[in-house]
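Just so you know, all these numbers are worked out from the coordinates, no wet-lab data involved. Only a predicted model underlies this, so the values are computations on that prediction, with no experimental measurement involved. Neighbour counts run over all protein chains shown; Cβ positions are idealised from the backbone, glycine included.
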Amino acid sequence: MSKVTIKELNLFYGKFQALHNINLPILKNEITAFIGPSGCGKSTLIKSLNRMNDLVEGCTISGEVKMDDENIYAKECNINLLRKRVGMVFQQPNPFPMSIYDNIAYGPRTHGIKNKQIVDELVEKSLRKAAIWEEVKDDLKKNALSLSGGQQQRICIARALAVDPEVLLMDEPTSALDPISTAKIEELVIGLKKDYTLVIVTHNMQQASRISDKTAFFLNGKIIEYDETRKIFTNPKKQETEDYISGRFG
Amino acid sequence: MSRNYIKGLVYFSALITFGSLFFIISFILIKGLPHLTPALFSFHYTTTNVSLLPALLTTFMVVGLTLIIATPIGVFTGFYLIEYAEKNNKGVELIRIATDTLAAIPSIVYGLFGMLFFVTFLRFQYSLLAGVLTAVIMVLPLIIRATEESLLSVKDSLRQASFSLGAGKLRTIFKIVLPVAMPGILSGVILASGRVVGETAALMYTMGTSTNLPDSLFSSGRTLALHMYVLSSEGQHVNESYATGVVLILTVLIINALSTYLSSRLTKETTK
Ligand SMILES: Nc1ncnc2c1ncn2[C@@H]1O[C@H](COP(=O)(O)OP(=O)(O)OP(=O)(O)O)[C@@H](O)[C@H]1O
Ligand SMILES: [Mg+2]
């Protein structure tokens with residue numbers, strides 16, 4: 001079942017067209033990977049799913065992005081509520097310069113949860129889901145910036161999960177991390193599939209093939225091919241896809 | 001060889017800087033301390049006791065009132081410029097040019113403007129109000145600049161993280177940006193108060209030099225720096241003038257120490 005459906009999406013940064021007529025389903029409880037060479041529009045598309053592009057001056061969008069049959073670009077759509085439903089993890093871990101606890105509690109508090117006990121529970125639950133509870137449970141008051149990069153990224157995942165999103169967007173979440181931290185996060189992401197719908201941008205072909213169910217291959221702002229990950233990597237239909245995954249360009 | 005040369009130059013420059021500071025302070029202390037008598041702190045000024053207490057209290061009043069007016073305006077302007085205004089906005093460019101220009105104007109020009117506008121045109125007379133408003137215009141660029149710079153130093157990725165969690169602009173600014181930017185803003189505000197404490201020219205033409213403690217916004221008064229200037233220029237009370245200098249230096253030192261302490265404490269809290 002399709003959780004998010006992108007229809008005829010065109011996106012411009014000023015006069016420059018960064019996305020051309022994108023049509024793509026994002027299936028529920030699956031991991032969809034976006035791959036493609038640098039500058040082909042992967043980040044741009046992932047950011048249009050939670051309307052982070054609205055923050056970019058001069059960015060205009062036409063077409064539709066439907067989430068459960070609701071057009072997120074409709075006038076009546078509440079952006080803050082949308083972003084609560086569609087969480088995001090960034091390339092560089094970006095915890096707030098405050099305690100681990102406050103980092104996780106920030107989202108729930110933003111959405112009006114004030115009760116200490118409920119917040120406590122949410123913090124623990126989110127940290128557990130992000131597989132970092134055991135490492136930090138004894139010093140939740142510690143500043144999140146004192147953690148290692150890999151731990152910080154898992155804090156950021158926990159922070160995104162704390163507002164109870166339905167979709168989680170991850171833009172190259174492991175590209176700044178060492179292999180061990182990367183492996184931890186990959187394992188964790190696979191585990192999240194049963195509760196969430198995930199989209200992950202990655203430059204790492206092995207990563208895409210290890211963890212994703214569907215893969216979309218981008219080139220110059222267009223989706224060249226979209227299919228089961230297995231098919232994309234073993235039997236791609238398009239020449240460009242094959243060239244890219246076999247490392248001939250990009 | 002040339003490395004030693006440069007090293008020597010560096011030490012020499014440091015010595016000059018530190019040496020002159022040391023020299024000035026000890027000169028004033030030596031000249032002033034012996035004359036720092038209790039009479040100088042009498043509540044009422046007379047020509048015999050030349051008390052500095054009214055001037056000291058007036059200084060606090062002027063600094064306090066100036067900051068109460070200038071801080072919100074300056075901080076909000078800084079926030080507008082960085083967080084709200086569009087980047088290529090012509091109005092923003094204009095505000096920037098205005099603040100940069102204002103910051104470079106000698107304070108005597110502010111004094112003359114204050115006299116023509118507040119004292120004469122608005123008929124405030126030589127008054128606390130005219131002095132404070134002139135000082136406000138004078139320190140606004142400092143506060144705006146400090147706010148802008150500390151907001152720019154807050155990484156955009158933090159704002160993005162906050163927005164991506166569904167927080168609105170106001171919440172993002174107050175909960176995420178402000179705490180990080182606070183030490184910088186605060187040191188700008190303290191810099192501004194230092195500027196007011198040391199100001200003479202701009203205040204002489206707007207507050208007058210009455211020796212009494214102002215009892216309303218519309219009465220004249222003199223700050224410590226102004227008091228010291230008048231004492232020494234009259235030539236009758238040079239010793240007391242040095243003693244006043246001692247108190248002035250102490251005030252500035254205390255303000256500086258306070259700012260260092262506050263900003264290091266705030267920085268520690270946010271990045272610990
Ligand atoms: N804020 C912006 N303003 C103008 N052009 C932009 C902006 N952001 C991205 N672009 C352009 O849009 C195109 C797509 O960029 P995007 O960041 O989506 O690529 P990407 O596939 O994520 O690349 P990478 O793998 O390097 O992250 C690029 O040509 C880029 O230069
Ligand atoms: Mg990208």
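Taken over region A:58-169, the convex hull of the Cα atoms encloses 125 Å³ per residue. Among the listed pairs A:K84/A:K184; A:K84/B:K90; A:K15/A:K222; A:K125/A:K222; A:K47/A:K75; A:K42/A:K238, those with a Cα-Cα distance over 28 Å are A:K84/B:K90; A:K125/A:K222. Would you kindly calculate the translational diffusion coefficient of region A:187-250, applying Stokes-Einstein with the Kirkwood radius from alpha carbon pairs, for 10 °C and a viscosity of 1.306 mPa s, and quote it in µm² s⁻¹ without decimals? Answer from the Stokes-Einstein relation: 128 µm²/s. Placing +1 on each Lys and Arg Cβ and -1 on each Asp and Glu Cβ, with no other charges, gives the protein assembly as shown a dipole about its Cα centre of roughly 280 debye. Note on A:L55 and A:E228: the extension gain reaches 59.0 nm, defined as 0.36 nm multiplied by sequence separation minus the Cα-Cα distance.
Using a 10 angstrom cutoff on alpha carbons, build the Gaussian network for chain B and name the most mobile of B:T17, B:T244, B:T206. Answer for the Gaussian network model of chain B: B:T17.
Just tell me how shielded B:165-173 is by partners: mean number of partner chain Cβ atoms within 10 Å of each residue's Cβ, no decimals. Present the calculation step by step, with values, prior to reporting the outcome.
Values: counts 17, 16, 9, 3, 2, 0, 4, 1, 0.
Whole-number average of other-chain Cβ neighbours for B:165-173 is 6.
Around the Cα centre of region B:36-271, unit charges on the Cβ atoms of Lys, Arg, Asp and Glu (plus for the first two, minus for the last two) sum to a dipole of about 620 debye.
In nm, what is the difference between 0.36 nm times the number of residues separating B:E83 and B:I24 and their Cα-Cα distance?
Value of the extension gain: 16.9 nm.
Here B:K87 is the anchor, and the lysines within straight C-alpha reach of less than 17 Å, apart from those fewer than 8 places off in the same chain, are B:K155, B:K169. For region B:36-271, the relative contact order works out to 27 percent when only alpha carbon pairs closer than 8 Å and six or more residues apart are counted. Placing unit charges on each Cβ (+1 for Lys and Arg, -1 for Asp and Glu) gives chain B a dipole about its Cα centre, and among B:T101, B:M115, B:S153 the Cα reaching farthest toward its positive end belongs to B:S153.
Here the mean projected area of the convex hull built on the C-alpha positions of region A:1-51 is 3.8 nm².
A Cα-only calculation for region B:61-128 places Rg and Dmax at 15.0, 42 Å.
If you wrap the tightest convex hull around every Cα atom of region A:2-245 and split its volume per residue, you get 123 Å³.
Can you compute the FRET efficiency between A:A183 and A:M1 using 1/(1 + (r/R0)^6), with r the Cβ-Cβ distance and R0 = 30 Å? Round to the nearest 0.05. Provide the component values of the computation, followed by the final result.
Values: r = 30 Å, r/R0 = 1.00.
E between A:A183 and A:M1, to the nearest 0.05, is 0.50.
Against the main long axis of the alpha-carbon atoms of chain B, helix B:90-104 sits at an angle near 30°.
Across peptide A:100-108, how many C-beta atoms of other chains are within 10 Å of each residue C-beta, on average? Provide the component values of the computation, followed by the final result.
Numbers: counts 0, 0, 1, 1, 0, 0, 7, 6, 1.
Per residue, the average neighbour count from other chains is 2.
The relative contact order of chain A comes to 28 percent, based on Cα pairs under 8 Å that sit 6 or more residues apart. Taking 37 °C and 0.692 mPa s as conditions, chain B diffuses translationally at an estimated 157 µm²/s according to Stokes-Einstein applied to its Kirkwood radius (Cα pairs). Computed FRET efficiency, Cβ-Cβ of B:T101 and B:N4, R0 45 Å: what is it to the nearest 0.05? The formula returns an efficiency of 0.55 here.
Under the criterion of Cα pairs below 8 Å and six or more residues apart, the relative contact order for region A:192-250 equals 22 percent. Values of log10 I(q)/I(0) for the protein assembly as shown across q = 0.11 Å⁻¹ run -0.97, by the Debye formula with one identical scatterer at each alpha carbon and no solvent.
Once Rg and the Kirkwood radius are both taken over the C-alpha atoms of region B:27-69, their ratio Rg/Rh works out to 1.12.
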